[in-house]
């Protein structure tokens, strides 16, 4: 056994160039498989990261500023005479109604996002003031770096307190502890009670998922934002005056009126107990809100997990196609090994006859040539693994595509190399072993 393997190595070293060229198909095939698996693994990890950002088992309800619906009627005058139904918009009462009516709902987290400016010690920066309750941080799995979350008293009494993102701390509290200090957010000074950990969100996730840079957010109790900043559900005298001024500024009826955001909150996140209940509960919530809004569909109910799973399935199919294309080069490499081994059998026919004459069995000849094929294939596999690492690294830093080379992909590639060596080397080895001894000794 050992002598057969040593004989195979000796034959390979005598023809280094030919053996190297023969293994190129395996090299590029294994490198392609590893790089494709790395791209697929990276895409899968991005999907999991996106699910973590959006939260698991969540239903997201967002307001629609203006929605028109109904049947197209030939009588335009009748259509104009129809009165538009009143909708209170998306409010905190909608969230309260959902959690009180549906026992499968674990929590409901409202969000109000206001564009504002943060000011402190001569520095300012445009930021977002986000009104939330205590369930927001638990639902989003957003860890705290220092300080504490909003207490029950701070939420109910609408106290001017805030939890700042890591970016706000880095800009306004560079050399001091922000806990207990004040920062002016818009027209109001807020006392900092907590700082969130840094949260890395890629530009692709910000654009694709409609997220924002959480590190520069300032969080305040939702009741504080409604009471001390702005409550869009309340119509003030200023709103009436602005509407009248806008209506009188231009008498042209063809000018489209600007849509007014009458929704009290900007997002409502419903956390469900189990994944199986997400789709039916989303339909129930949609019908419930439609009744509460007097039949006006001025909201959108989405299940981000299902959308991400559909995207994941699409990427998996795409990766399978890429893997199949990459595997073609492995088959071509295997055919190349078979051709070279058949040519080697023809060249060494007399050598085979001499070995058989001095006592070598057919299994010895088979093992010798099979060892040559496996050695060429495995060597090409090792080189292909190194090349696959290199290609994955180049793809990640040039095309900005996240790649992950896993240990499983290396094992798969190594197993493929051995399998190809055995599969495509067995036929030439069997043919060498089946040759007639007398004819082999006479071969010139």
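Laboratory data are not the source of any read-out in this text; all were calculated from the coordinates shown. Predicted model, so just to flag it, every value in this text is computed and none were measured. Cβ sites come from the backbone with ideal geometry, for glycine too, and all protein chains shown count toward neighbours.
Given a Förster distance of 45 angstrom, what is the FRET efficiency for residue 233 paired with residue 175, based on the Cβ-Cβ distance and rounded to 0.05? So, using R0 = 45 Å, E works out to roughly 0.60. Here segment 328-373 yields Rg over Rh of 1.09, to two decimals, using C-alpha coordinates and the Kirkwood radius. Go ahead and run the numbers for FRET between residue 261 and residue 106, Cβ-Cβ distance against an R0 of 25 Å, rounding to 0.05. Calculated value: 0.30.
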